[in-house]
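Below: one structure, written as structure tokens.
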Amino acid sequence: MIMQTNQAELNKIKVYGAPDSRNAYVIRDFLRRSVVTFEWVPVQDMDAFKNIFPELHTEGKELPAVELPCGNFIFDPGIEDIARNLGWITKPKHAEYDVSIFGGGPAGLSAAVYAASEGLSTVLVEREAVGGQAGIRSMIENYLGFPNGISGSDLAERARQQAVKFGVEILLIRKSIKSQFTDRKLHVDFADGNKIIARSNISATGVEYSRLNIPNEDLFLNAGVYYGAGASEAFLCTDKHVFVVGGGNSAGQAALNFCKQASKVTMVIRGNDLAASLSFYLLERILSNNKIEVLYNSEITALHGHNFLQEITISNSLTDSNTDYPTKFVFVCIGGKPNTSWAANTSLVRDDAGYFVTGPNLFKPPFDSLWNKMFTPSFLETSVPGCFAAGDVRHNSVKRVASAVGEGAMAVTFVHRYLHENY
Ligand SMILES: Cc1cc2nc3c(=O)[nH]c(=O)nc-3n(C[C@H](O)[C@H](O)[C@H](O)COP(=O)(O)OP(=O)(O)OC[C@H]3O[C@@H](n4cnc5c(N)ncnc54)[C@H](O)[C@@H]3O)c2cc1C
């Protein structure tokens, strides 16, 4: 059943599932971020559906199901099963690379394009779909050269194609279980048994969304509570009351995106002022949009429902009151923490929040006492020679698509210098 195909060619995938299914949400989110055109078929009447697909009776298969372009079905698949069936999961082609890049967001994709186009043998390792945080954005409006904006998934797909054109090897849905620096090289073991070795490395693993940290959060994860802008869900919010938690630009953009379909969007923010956290152009649009309401001094404190979210409680710290609201959609956009836990047992210096410290910052307190200072790191180089960090994962980074792309490109220049001086 395994087919070889590329993302752009796919146009016939269908996803079947119960309207409230959290597994179906994960599938839709993955396909959307991978820029795969698919049809979502909500299954309201399971008995009628079972009559059309007898294997659901006879083999005890479960929804959601994905109908592949070849007409075959896979039942209750994880994203790895889907990627494997689409021929996207490949083994590393080489035992050793000039540079390995971890993270397929804007920083990693940019580094990959520049590295491969400048002749370095390059492998890009991504644990999910390419695109990173930008990949889930419905519209990036401030990226240079796109006056009408560009969707995050389009930008990611264009970058992926560019990287592939220059010969980057992309290993998708890959989890590393062990990383160590031996003989001045990074050795990585993957959960599937494969290994790679690289003479230099760029960590571009970005950040992970913060949680609300309230009871029942796991129960409603992807079943009413979503992290990030939830671009794949916007079309399901038609005429619904949607709640967006957070007052930063990502929350503001999400609110504007949802209000195109939703009957009402409520932004829930802890502070008493949006202007402090939101860009002016978003602030104006939000305050003048009569579908958007802002609840200040407010926090979601409880989630209610059975298998799917049905109601939330919002507490107001000024009035010391609680109010319940019926809703099936809460999108949490409150920032995140860096994806650097893999570096916990390495000598890579990280700040208190876990971001990689690079370049001149390594010589400043308190970081200067955390490493051996045996070399002078270049601007994006970490405390391990030949290991660079780019984009949001870096201490004091700017947290913009453009700066992540710029740092990815810059890191490759430092990789060249390092390889030239050491090999
Ligand atoms: C909702 C939202 C809206 C935003 N809007 C804008 C905007 O309008 N304009 C703008 O300029 N910026 C915007 N930003 C910020 C911008 O998206 C980020 O600054 C940018 O994506 C950072 O890129 P990055 O490559 O450093 O990291 P990320 O985009 O976070 O990408 C990191 C990648 O690494 C992968 N990864 C993590 N750990 C591992 C691992 N161990 N192995 C392999 N892969 C791993 C992740 O899956 C991810 O794909 C927004 C961010 C959010 C969340």
(message) Considering only residues that are touching an Asp or Glu at 6+ places or on another chain (Cβ under 6 Å) and within 19 Å of G105 (Cβ to Cβ), which ones fall in the range 198-209?
(response) G206, V207
(request) Would you please name the residue that is modelled with the lowest pLDDT, looking only at residues in the range 344-365 that are out of contact with any His (no Cβ under 6 Å at 6 or more places or on another chain), away from the ligand (no atom under 15 Å from the Cβ) and not in a helix (DSSP H, G or I)? (result) S347
(request) Provide a single number: the residues in the range 107-145 that are in a loop (DSSP other than H, G, I, E, B) and under 14 Å from the mean Cα position of the chain (by Cα). (result) 9
(request) Considering only residues that are assigned to a loop (DSSP other than H, G, I, E, B) and at pLDDT below 95, look in the range 277-294 and name the one that is farthest from Q261 (Cα to Cα). (result) S277
(request) Could you tell me whether L120 is under 27 Å from H416 (Cα atoms) and away from the ligand (no atom under 16 Å from the Cβ)? (result) yes
(message) Tell me the residue from G145, G149, G131 that is within 11 Å of the ligand (Cβ to nearest atom) and farther than 28 Å from H94 by Cβ, please.
(response) G149
(request) Go through the range 78-96 and give me each residue that's away from the ligand (no atom under 15 Å from the Cβ) and surrounded by 19 or more Cβ atoms within 10 Å (Cβ to Cβ). (result) I82, N85, L86
(request) Go through the range 29-106 and tell me which helices (runs of 4 or more DSSP H), entirely inside it, have 1 or more residues that are in contact (Cβ under 8 Å) with a residue 24 or more places away in the chain and under 30 Å from A163 (Cα atoms). (result) 79-85
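Condition check ((1) assigned to a strand (DSSP E or B); (2) surrounded by fewer than 17 Cβ atoms within 10 Å (Cβ to Cβ); (3) free of Cβ contacts under 8 Å to residues at least 40 places away in the same chain; (4) of a type in the set (S, T, Y)) across all residues:
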| position | (1), (2), (3), (4) |
| --- | --- |
| N201 | yes, no, no, no |
| N213 | no, yes, yes, no |
| D239 | no, yes, yes, no |
| L256 | no, no, yes, no |
| M267 | yes, no, yes, no |
| A275 | no, yes, yes, no |
(message) I'd like the residue in the range 385-423 that is β-branched (V, I, T) and buried (at least 20 other Cβ atoms within 10 Å of the Cβ) and, out of all such residues, is nearest to the ligand (Cβ to nearest atom).
(response) V401
(message) Filter the range 179-205 down to the residues that are out of contact with any helix residue (DSSP H, G or I) (no Cβ under 7 Å at 6 or more places or on another chain) and either among the hydrophobic types (A, V, I, L, M, F, W, C) or within 12 Å of the ligand (Cβ to nearest atom) (or both) and list them by number.
(response) F181, L186, V188, F190, A191, I196, I197, A198, N201
(request) Would you be able to say whether some residue in the range 177-197 is within 23 Å of G105 (Cβ to Cβ) and within 19 Å of the chain's Cα centre (by Cα)? (result) no
(message) Considering only residues that are closer than 13 Å to Y114 by Cβ and part of a loop (DSSP other than H, G, I, E, B), which ones fall in the range 149-169?
(response) F166, G167, V168
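The values are calculated or read from the model by the stated rules, or taken from the named source; none is laboratory data. From a predicted model like this one, the values you see are computed outputs, not experimental measurements. Positions of Cβ are backbone-derived with ideal geometry, glycine not excepted, and every protein chain shown enters the neighbour counts.
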